[in-house]
Amino acid sequence: MLKSSTMKIDVLTLFPEMFKGPFDQSIIQRAQEKKLVKIQIHNLRKWTEDKRKTVDGRPFGGGVGMVLMIEPIYKALKELKNKKTKVILLDPRGQVFNQKTANKWACFDHLIFICGHYEGVDERVKENLIDETVSIGDYVLTGGELPAMIIIDTVLRQIPGVLGKKEAAQKESFSENLGQNLLEYPQYTRPSDFKGWKVPEVLLSGNHQEIKKWQAKKSAEITEKVKSSKEEK
Ligand code: ADE
């Protein structure tokens, strides 16, 4: 069951400006205008009390780099969280995010994303303050901001009304496929012949049954190819 009211998303970050471009354009911007989602980006420094607005410290026991402190995160969550909130920490050591997780999270009323930075986050945050640690893949970025944007984008397009009618109809056919874990078939548009590179004849035939058959076959082929390339790794 998908929820019906406005979804709330809060992001805790040291770099709020990074979110300006991606969330102020296209489908995500429209979703905010339509009040399907309310996204608020917060600077973690807001929850510091010293003059220098310190959010990080040297690791106990030594080591290179700095570690995000627990206190500003604790205070931020105290202010923002309610009983229905899911708190997610972006971290390369987390469970790898996928479509299934996106579908699940789209049903929540309130998500809070904490963007890790520097060498990491005080482990007590993970132990005591959050519900899930998530990674976008087995590689390390400079911080959790880009992963948060990717995850939010993926979650939002699952919310009814976020995609336009055309996009939704298209998605519908993909998720029929995704139900069987099939990926999208190849698509073409005008011109049908570009410098001798031709669109497959069947797509120009007008024979809908044959077209559907071709699309299903291509979907299965692509899915198999991606699956075996993943298995090789
Ligand atoms: N922070 C740095 N790398 C990350 C990753 N792969 N996923 C989530 N957060 C990260």
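The values are calculated or read from the model by the stated rules, or taken from the named source; none is laboratory data. Predicted model only: the values in this text are computed from it and were never measured. Neighbour counts run over all protein chains shown; Cβ positions are idealised from the backbone, glycine included. The protein model used for the area step is the full one, side chains on, heavy atoms only, and it has no ligands, DNA or RNA in it. Shrake-Rupley method; radii C 1.70, N 1.55, O 1.52, S 1.80 Å.
One chain, two ends: HIS208 and ASP50. Fully extended at 0.36 nm per residue, the span grows by 50.1 nm beyond their Cα-Cα distance. Note on the chain: with neighbouring protein chains present and a 1.4 Å probe, carbon and sulfur make up 53 percent of its accessible heavy-atom surface.
Fully extending the segment from GLU123 to GLU232 would add 35.8 nm, taking 0.36 nm per residue of separation and subtracting the current Cα-Cα distance. Amide hydrogen proximity for MET7: with H placed 1.01 Å from N in the peptide plane, the residues at 5 or more positions away or on another chain lying under 5 Å are VAL37, LYS38.
Here the chain is scanned for chymotrypsin sites (Phe, Trp or Tyr not before Pro) in DSSP loops (not H, G, I, E, B) that have at most 13 other Cβ atoms within 10 Å, and the longest stretch holding none of them is 61-138. Each other residue within a Cβ distance under 13 Å of GLY61 adds +1 if Lys or Arg and -1 if Asp or Glu, for a net charge of -2. Excluding ligands, DNA and RNA, the accessible surface per residue across the chain is 64 Å² with a 1.4 Å probe. Remark: the range 128-143, residue by residue, has Karplus-estimated 3J(HN,Hα) of 10, 10, 10, 9, 8, 10, 9, 10, 9, x, 7, 7, 10, 9, 6, x Hz, where x stands for each Gly or Pro and the curve is 6.51 cos²θ - 1.76 cosθ + 1.60 at θ = phi - 60°.
Compactness of the range 24-134, taken as the C-alpha radius of gyration over 2.2 N^0.38 Å, stands at 1.19.
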